[in-house]
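Trainee: Here it is, the structure, as structure tokens.
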Amino acid sequence: MTPNPLRAPALDAVDARIVDLVSTNGRITNAELAARLGIAPSTAHARLRSLTERGVITGFHASVDEKLLGAGLQAIIGVTLRPGARRESIVTFEDRVRALPQVIQMFFLGGHDDFLLHIAVADSEQMRAFVVDHLSAQSSVASTRTSIIFDYHRNSVAASF
């Protein structure tokens, strides 16, 4: 079932609380969810399934410690593309960069930067190699700005647009 993009699904207080609890802990059991909400487990299950079917909840995600995988240096990289043939260069850039294993998140923007990339690598040498080999080497890239991430907090995981 595809949600209607023109109208946001109405959420009552129970639905809103389910979204909050599942966003905080995607592994919450149905029994615990029901207990926290003060409703029957069958009701909790039906409500969660409805939120998923309506497209409010789009998935359940694992938070990965990149340091333990050998990629403890993270950065946000702003990328500006050259003017001219914008449609083709945007699509090509997106396809190439999206497939790179160092990329955790990619945002296509309106504003100064065309893209923001959230990447994770092992060290500064890999950071340099990523920017030089995968970004600056593309003829469509006009400039990049790299900001090292010192600390990170996430309130929730947003769905793709």
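The values are calculated or read from the model by the stated rules, or taken from the named source; none is laboratory data. From a predicted model like this one, the values you see are computed outputs, not experimental measurements. Methodologically, a virtual Cβ is constructed for each residue, glycine included, from the backbone with ideal geometry; neighbour enumeration extends over all protein chains shown. Just the protein is used for accessible areas: all its heavy atoms, side chains included, with ligands, DNA and RNA removed. Shrake-Rupley method; radii C 1.70, N 1.55, O 1.52, S 1.80 Å.
Trainee: Find the accessible area per residue for segment 9-105; the probe is 1.4 Å, ligands and nucleic acids are left out, and the unit is Å². Let's see the in-between values first.
Mentor: On the way: 6000 Å² over 97 residues.
Accessible area per residue, segment 9-105: 62 Å².
Trainee: Specify the residue with the greatest mean-square fluctuation among Leu37, Leu81, Leu117, computed from a Gaussian network of the chain linking alpha-carbon atoms under 10 Å apart.
Mentor: Greatest mean-square fluctuation among the candidates belongs to Leu37.
Trainee: Tell me the mean residue ellipticity at 222 nm calculated for the chain from its helices only (DSSP H runs of n ≥ 4, each -39500 (n - 2.57), averaged over every residue, nearest 500). Walk me through the numbers before you get to the answer.
Mentor: Details: 5 runs with 52 residues, N = 161.
Theoretical 222 nm ellipticity from helices: -9500 deg cm²/dmol.
Trainee: Let me ask another. List the relative contact order of the chain as a percent without decimals, with contacts defined as Cα pairs under 8 Å and 6+ residues apart. Mind showing how you got there, number by number?
Mentor: Working: 168 pairs, mean separation 39.4, N = 161.
Here the relative contact order equals 24 percent.
Trainee: Match the structure shown to one of the listed values [x] 31.3, 83; [y] 16.1, 53; [z] 20.0, 59 of Rg and Dmax of the Cα atoms in Å, computed from it, and give that label.
Mentor: Computed from these coordinates, Rg and Dmax of the Cα atoms in Å corresponds to label [z].
Trainee: Shifting gears a bit: When the Karplus curve 6.51 cos²θ - 1.76 cosθ + 1.60 is applied with θ = phi - 60°, which whole-Hz ³J(HN,Hα) does each residue of segment 29-39 get, with x for Gly and Pro?
Mentor: So the J values, rounded to whole Hz, are 6, 4, 4, 5, 4, 4, 5, 5, 8, x, 10.
Trainee: Taking all protein chains in place and a 1.4 Å probe, what share, in percent, of the accessible surface of the chain do carbon and sulfur account for?
Mentor: Details: 5830 of 10780 Å².
Ligands and nucleic acids excluded, carbon and sulfur reach 54 percent.
Trainee: At a Förster distance of 41 Å, what's the computed FRET efficiency of Arg98 paired with Ala46, Cβ-Cβ distance as r, to 0.05? Before the final figure, lay out the partial values.
Mentor: Values: r = 36 Å, r/R0 = 0.88.
The computed FRET efficiency comes out at 0.70.
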